2 protein chains.
Amino acid sequence: MTAEIITIGDEILIGQIIDTNSAFISKEFNKIGISIFQITSVQDDKDHILKSLKEAEDNVDIIIITGGLGPTKDDITKRTICEYFGDTLVEDKAVLENVEHLFSKYIKTPISEINRHQALVPSKAKVLMNKYGTAPGMWMEKSDKVFVSLPGVPYEMKALISDEVLPALREKFHFPFIKHKTLLTFGLGESAIASRIEDFEDNLPDFIKLAYLPSLGRVRLRLSSKAMDKSLVEAEMEKQVNHLVKLVEDIFVGFEEDATIEKLIGNRLTELGKTLSIAESCTGGRIAQSFTANAGASKYFKGSLVSYATESKVNVLGVNEDVINSYSVVSKEVAESMAKNVRELFNSDYGLSTTGNAGPTKGDSDAEVGTVWISIATENEVLSEVFNFGNHREKVIMKATNKAFELLLKEISKK
Amino acid sequence: MTAEIITIGDEILIGQIIDTNSAFISKEFNKIGISIFQITSVQDDKDHILKSLKEAEDNVDIIIITGGLGPTKDDITKRTICEYFGDTLVEDKAVLENVEHLFSKYIKTPISEINRHQALVPSKAKVLMNKYGTAPGMWMEKSDKVFVSLPGVPYEMKALISDEVLPALREKFHFPFIKHKTLLTFGLGESAIASRIEDFEDNLPDFIKLAYLPSLGRVRLRLSSKAMDKSLVEAEMEKQVNHLVKLVEDIFVGFEEDATIEKLIGNRLTELGKTLSIAESCTGGRIAQSFTANAGASKYFKGSLVSYATESKVNVLGVNEDVINSYSVVSKEVAESMAKNVRELFNSDYGLSTTGNAGPTKGDSDAEVGTVWISIATENEVLSEVFNFGNHREKVIMKATNKAFELLLKEISKK
């Protein structure tokens with residue numbers, strides 16, 4: 001079973017927005033055994049859209065179209081899909097009611113003629129109701145191929161995929177059994193891992209594939225298995241996963257399964273009934289933000305301090321000014337003091353800190369650009385490590401964040 | 001002048017990574033007058049890559065290929081490009097030296113046979129040296145069409161585009177004159193703006209286009225003009241931009257140009273010599289992280305506190321416990337106290353705070369999910385406003401962040 005995602009809208013092709021939708025759809029589809037054959041982004045141009053629809057229809061079973069459903073003039077998806085199906089637009093009563101409901105609740109103005117157009121759908125389409133916005137999803141079929149048009153707003157699209165599209169696809173198609181297992185590893189590069197597990201990879205059965213997913217200092221190893229025979233998949237995956245874990249035992253920190261490492265940390269802290277607080281300097285709030293993006297963070301996350309200016313490390317976090325003057329703001333001593341003090345300030349079990357220089361120029365310290373100290377304070381000890389993450393600001397911030405997650409996960413996983 | 005971006009790699013099609021590269025390339029190319037005709041993401045599959053290269057060659061002038069240059073087995077881009085050009089791979093001495101240099105500086109191990117493969121390039125390719133990683137960029141030409149292959153790692157790709165690809169394209173092609181101007185507006189929806197400026201839009205000259213770029217509570221209006229006659233473009237753009245600004249005067253906060261609103265705020269604060277600190281609750285570090293992602297933030301950004309747990313609002317930020325008990329943690333009183341206290345704590349000119357409930361369930365407050373108070377404290381006053389951003393966590397956090405930027409920009413722009 002294969003699918004193509006077609007995203008429509010000049011916004012993507014002029015680079016004003018990043019296409020996060022396709023990644024979400026790809027992930028959800030892969031989970032149930034639908035391979036994404038291609039993702040195609042095209043402009044709000046009728047002929048180009050028609051051509052892309054035709055090519056996708058020739059290549060795959062399921063075509064997901066996102067974007068281009070806004071009320072303004074540059075959005076032509078709906079009319080073009082209508083033309084592709086030789087259909088006409090009709091007003092859908094339920095959609096109109098939804099538009100009116102959303103306007104009265106959140107916008108608090110009556111709907112305009114333009115908003116009313118949102119309720120127009122192709123007569124042959126099955127409407128997929130959009131709880132979070134005015135543009136409905138639309139499901140159409142054409143000789144065994146499924147076409148689904150969805151709004152481009154990410155949270156609207158996500159809810160429609162999860163609540164409407166996936167259940168309908170499961171009902172319509174008979175999917176093979178599929179299983180993924182992702183190993184999180186830290187501290188060894190892609191090529192070093194590849195050399196080490198070359199034999200393993202060469203001897204995998206046909207229906208199991210290995211992918212390397214490297215990202216700024218960590219490599220995820222993803223085993224994917226797909227077959228109609230569920231028991232075969234399960235038995236063989238268990239065997240291969242155990243084998244792979246043994247081969248990378250020294251760098252293996254856990255299974256990812258849909259969770260990010262910050263979710264994994266959050267889950268473990270919640271299980272342990274332990275709490276965390278963070279003092280960030282060079283990572284500037286990114287670590288805190290990664291935790292708080294997930295619901296349930298309040299169970300383990302007490303808070304965080306971004307002590308960006310050196311004076312705030314002294315005044316707010318209580319780092320001794322003499323320590324800063326003696327060792328510089330990017331130093332083991334300052335990192336450890338930050339971790340200890342933030343732990344006390346927020347009364348948490350773990351205190352995590354980062355201090356470094358992300359560049360592009362040297363700041364309040366003589367430390368080389370890319371130098372980052374990471375420290376973790378617990379009730380009984382303070383651990384710290386120094387890294388050089390190179391000379392690119394975004395990379396330094398991301399690598400420091402990932403490394404902090406890694407050290408923290410290792411620390412809370414200690415027996 | 002048109003281009004297509006082809007991204008190669010299963011990682012994108014299984015949804016493990018989001019394709020941020022294409023947005024960056026699209027933006028940079030659009031700036032100099034290259035329209036992106038299509039973005040196509042395909043798997044590490046030889047035949048599919050060959051087919052995509054052929055189609056792109058038929059449709060556009062410039063083909064940018066990203067990804068698939070890693071050293072591991074699933075990366076076949078280089079061999080496939082070689083086949084497409086009927087070429088063979090040869091070892092490039094300068095690339096090999098670069099690989100050896102990066103390994104000795106950051107990895108501190110000798111290079112392996114797999115890493116050595118990174119130095120293989122098609123014999124006809126011009127090498128674009130990658131300062132930040134081991135995989136080189138490659139520039140190839142075929143009957144007036146340009147093909148560029150770049151590594152998929154974002155910061156490596158970005159540096160190669162800026163330092164190598166754009167200068168080389170400018171040298172090879174004669175680009176039309178192009179000008180963009182983006183108006184940031186707040187507080188009115190896309191369709192309401194569209195109704196208001198319908199006449200303006202209908203009367204734009206052929207070579208000027210208007211795009212609506214709505215994003216969670218703000219709409220950017222982007223006028224783009226492209227023509228060979230520079231003086232015509234400049235005169236007409238000035239006229240139309242002035243006209244449009246007048247039409248949306250009440251909701252217009254500034255020009256974006258390449259800057260995000262947080263950069264705009266940072267620039268203004270730097271000009272004014274004023275400083276900022278932030279107390280975030282429901283936005284969980286996202287506001288701070290947006291500021292600190294930009295180099296130079298230390299000029300105006302003192303620091304921030306994520307007081308996620310209610311107790312940390314009391315213990316760390318010094319919000320009076322009675323105030324929390326009387327008014328609840330999501331209240332005007334708490335928001336104002338947070339803004340005032342964080343301003344004092346960090347000794348900054350402006351204090352910004354958010355407190356709200358992002359959902360999905362009610363937290364330490366009875367406030368409806370989606371309720372967010374935002375407050376700004378200055379030397380003389382404290383301003384606050386309440387919003388309901390609906391019932392989706394990600395949306396609430398993003399809308400609250402955007403709204404905080406908007407209120408802050410308005411405040412610091414006061415005469």
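A few notes on this one:
Per-residue answers, yes or no, for (1) of a type in the set (V, I, T); (2) closer than 26 Å to A:D19 by Cα:
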position: A:I39; (1), (2): yes, yes
position: A:Q43; (1), (2): no, yes
position: A:R79; (1), (2): no, yes
position: A:G86; (1), (2): no, no
position: A:F103; (1), (2): no, no
position: A:Y106; (1), (2): no, no
position: A:S112; (1), (2): no, no
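- Summed over segment A:269-313, residues that are facing chain B (nearest Cβ under 7 Å), modelled with pLDDT of 90 or more and surrounded by fewer than 18 Cβ atoms within 10 Å (Cβ to Cβ) total 0.
A quick yes/no check of all residues on (1) over 25 Å from B:V372 (Cα atoms); (2) of a type outside the set (S, T, N, Q):
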site	(1), (2)
B:A235	yes, yes
B:E238	yes, yes
B:D250	no, yes
B:I261	no, yes
B:L264	no, yes
B:T275	no, no
B:I287	no, yes
B:T310	no, no
B:V314	no, yes
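- With respect to the conditions (1) more than 14 Å from chain B (Cβ to nearest Cβ); (2) in a helix (DSSP H, G or I); (3) of a type in the set (G, A, S), A:A400 falls short on a single one, namely (1).
- On the stretch given as segment A:360-377, residues that are over 21 Å from A:Y350 (Cβ atoms) and buried (at least 18 other Cβ atoms within 10 Å of the Cβ) total 6.
- Counting only strands (runs of 3 or more DSSP E) that fall entirely inside segment A:239-313 and contain at least 1 residues that are over 27 Å from A:S331 (Cβ atoms), the qualifying elements are A:252-255.
- Applying the criterion of being in contact (Cβ under 8 Å) with a residue 12 or more places away in the chain and either open to solvent by 20 Å² or more (accessible area, probe 1.4 Å) or in a helix (DSSP H, G or I) (or both) to the residues of segment B:200-209, the residue that is farthest from B:H180 (Cα to Cα) is B:F200.
- The residues of segment A:183-199 that are touching a residue at least 24 places away in the same chain (Cβ under 8 Å), over 19 Å from A:L407 (Cα atoms) and buried (at least 16 other Cβ atoms within 10 Å of the Cβ), listed by number, are A:E190, A:I193, A:I197.
- Residues of segment A:314-328 classified as in a helix (DSSP H, G or I) and either more than 9 Å from chain B (Cβ to nearest Cβ) or touching a residue at least 40 places away in the same chain (Cβ under 8 Å) (or both), total: 8
- Qualifying residue in segment B:378-392 (condition: more than 20 Å from B:G266 (Cβ to Cβ), at pLDDT 95 or above and either among the polar types (S, T, N, Q) or surrounded by 20 or more Cβ atoms within 10 Å (Cβ to Cβ) (or both)): yes
- Screening the candidates B:I17, B:I62 for the property of being hydrophobic (A, V, I, L, M, F, W, C) and under 23 Å from B:V146 (Cα atoms) yields one hit, B:I62.
- A:H174 being more than 30 Å from A:I12 (Cα to Cα), away from chain B (no Cβ under 13 Å) and at pLDDT 90 or above: no
- Just one of the listed residues (A:G137, A:G133, A:G68) is within 28 Å of A:K27 (Cβ to Cβ) and either in contact with a His (Cβ under 9 Å, 6 or more places away or on another chain) or facing another protein chain (nearest Cβ under 10 Å) (or both), and it is A:G133.
- Every listed requirement among (1) of a type outside the set (A, V, I, L, M, F, W, C); (2) open to solvent by 80 Å² or more (accessible area, probe 1.4 Å); (3) over 23 Å from the mean Cα position of the chain (by Cα); (4) within 11 Å of chain A (Cβ to nearest Cβ) is met by B:K230 save one, (4).
- Matching residues, segment A:379-390, being within 17 Å of A:V330 (Cα to Cα), more than 25 Å from the chain's Cα centre (by Cα) and either facing another protein chain (nearest Cβ under 7 Å) or free of Cβ contacts under 8 Å to residues at least 40 places away in the same chain (or both): A:L383, A:E385, A:F387, A:N388
- Among residues of segment A:41-61, those that are hydrophobic (A, V, I, L, M, F, W, C), touching a helix residue (DSSP H, G or I) at 6+ places or on another chain (Cβ under 9 Å) and within 12 Å of another protein chain (Cβ to nearest Cβ), counted: 2
The values are calculated or read from the model by the stated rules, or taken from the named source; none is laboratory data. All values reported here derive from a predicted model rather than from experimental measurement. Cβ sites come from the backbone with ideal geometry, for glycine too, and all protein chains shown count toward neighbours. Areas reflect the complete protein model, heavy atoms only, side chains present, ligands, DNA and RNA absent. Shrake-Rupley method; radii C 1.70, N 1.55, O 1.52, S 1.80 Å.
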